[in-house]
Amino acid sequence: MVGSTSMEKLANGLSEAFMAKYPNVTVTAEFVGSGAGVEAVSNGTADIGNSSRNLKDEEKARGVVENIVAIDGIAVVVDNANAVEDLTKQQLSDIYEGNVKNWKDLGGSDAPIVVVGREAGSGTRSAFEEILGLEDACKYSNELDSTGAVMAKVASTPGSIGYVSLDVVDDSVKALKLEGTQPSEEAIKAGSYFLSRPFVMATRGEISEQNELVKAMFGFISSHEGTEIIKSVGLITVD
């Protein structure tokens, strides 16, 4: 497996459990980004390309098949003292583009907005920017290199806003509603919460055309054991 850094916890969890079940099989997983993963499966250097986004039409045109194995939600978080509860997609875009700089313009208190995000190359950042149509347009006050760092910064910084995977949200921060919808597994599955992304394990050709080991891996992913691993790393299973 080669690909998405965002899928590292999932890929490692599945690989370790699969190798424990089949001790004579070795699964290697490399984390070099979604595009590189799709490229590797396209040119035959990897069996599975991990991508934390949908495949592009030109990728599919090269015979790469999109197999969605899980869904990841992205939560927008602020410090607990922030009075704002809900943002529209446009308001969120305006904050990250630097068009709105004070919480009072969004119904909050008169305080500057501290815009926190992830470092360039982060799968969460690329998904967040892609969903909002803000690739390379965000004006960050802080670019941090891990989910934990974003959580700690937002929790301790009045007026800050950040984005993290849904599974890590805890009481140290407040998750905002978006377009009136609370971030939750139910809302994401229903399609009413817009900040979510698929976790794709791409193959060259259909799963049925793969070698026995790859077919066995996909069988394992969809088994009870596989779905428990998906849930244990904070992801949403695909029904």
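Only the coordinates and a few stated rules stand behind these numbers; no lab work does. Since the model is a prediction, treat every value here as computed from it, not as a measurement. Here Cβ is always computed from backbone atoms with ideal geometry, including for glycine, and neighbour counts include all displayed protein chains.
Based solely on its DSSP helices, what 222 nm [θ] is calculated for the chain when runs of n ≥ 4 H residues each add -39,500 (n - 2.57) and the sum is averaged over all residues, nearest 500 deg cm²/dmol?
My calculation for the chain gives -10000 deg cm²/dmol from helical runs alone.
Please list, by residue number, everything in segment 6-44 whose backbone N is under 14 Å from a paramagnetic label point 7 Å out along Cα→Cβ of ALA216.
From segment 6-44, the list is 15-28.
Stretch ILE207-SER156 to full length: gain in nm at 0.36 nm per residue minus the Cα-Cα span?
Residue separation times 0.36 nm, minus the Cα-Cα distance, leaves 13.7 nm.
Quick one: go through segment 100-144 and flag any residue whose amide nitrogen is under 15 Å from the point 7 Å out along the Cα-to-Cβ line of LYS89.
Only 128-135 fall inside the zone, counting backbone N under 15 Å.
In whole Hz, what ³J(HN,Hα) sequence does segment 78-83 give by Karplus (6.51, -1.76, 1.60; θ = phi - 60°), x for Gly and Pro?
Using θ = phi - 60°, the values come out as 10, 5, 4, 7, 5, 7 Hz.
Please report, for the Cα atoms of segment 130-239, the Rg to one decimal and the Dmax as a whole number; what are they, in angstrom?
My reading of the Cα-based Rg and Dmax gives 17.6, 54 Å.
In Å, what is the Rg of the alpha-carbon atoms in the chain, and how long is Dmax?
18.9, 62
Return the subset of LYS89/LYS139; LYS60/LYS231; LYS56/LYS153; LYS89/LYS174; LYS9/LYS56 for which the Cα-Cα distance in this structure is over 22 Å, preserving the input order.
Pairs exceeding 22 Å: LYS60/LYS231; LYS56/LYS153; LYS9/LYS56.
How large is ³J(HN,Hα) for each residue in segment 20-25, as worked out from phi by the Karplus curve 6.51 cos²θ - 1.76 cosθ + 1.60 (θ = phi - 60°), to whole Hz, x for Gly and Pro?
So the Karplus estimates, Gly and Pro as x, are 5, 6, 10, x, 8, 10 Hz.
For a quick check of your reading of the filter: which trypsin sites (Lys or Arg not before Pro) in segment 75-114 sit in a DSSP loop and have no more than 14 other Cβ atoms within 10 Å?
LYS101
Would you mind checking which residues have amide H under 5 Å from TYR163's amide H? H placed 1.01 Å from N; only 5 or more apart, or other chain.
VAL77
Using only the Cα atoms of segment 1-96, build the gyration tensor, take square roots of its eigenvalues as a ≥ b ≥ c, and label the shape rounded, prolate or oblate: rounded if a/c is under 1.5, else prolate if a/b is larger than b/c, else oblate.
Verdict is oblate for segment 1-96.
What does the convex hull of the alpha-carbon atoms of segment 73-190 project to on average, in nm²?
6.5 nm²
Step through the residues of segment 56-71 one at a time and calculate ³J(HN,Hα) from phi using the Karplus curve (6.51 cos²θ - 1.76 cosθ + 1.60, θ = phi - 60°), rounding each to whole Hz and writing x for Gly and Pro.
For segment 56-71, the Karplus-derived couplings read 7, 4, 5, 6, 5, 5, 8, x, 7, 9, 8, 10, 7, 9, 6, 10 Hz, x marking Gly and Pro.
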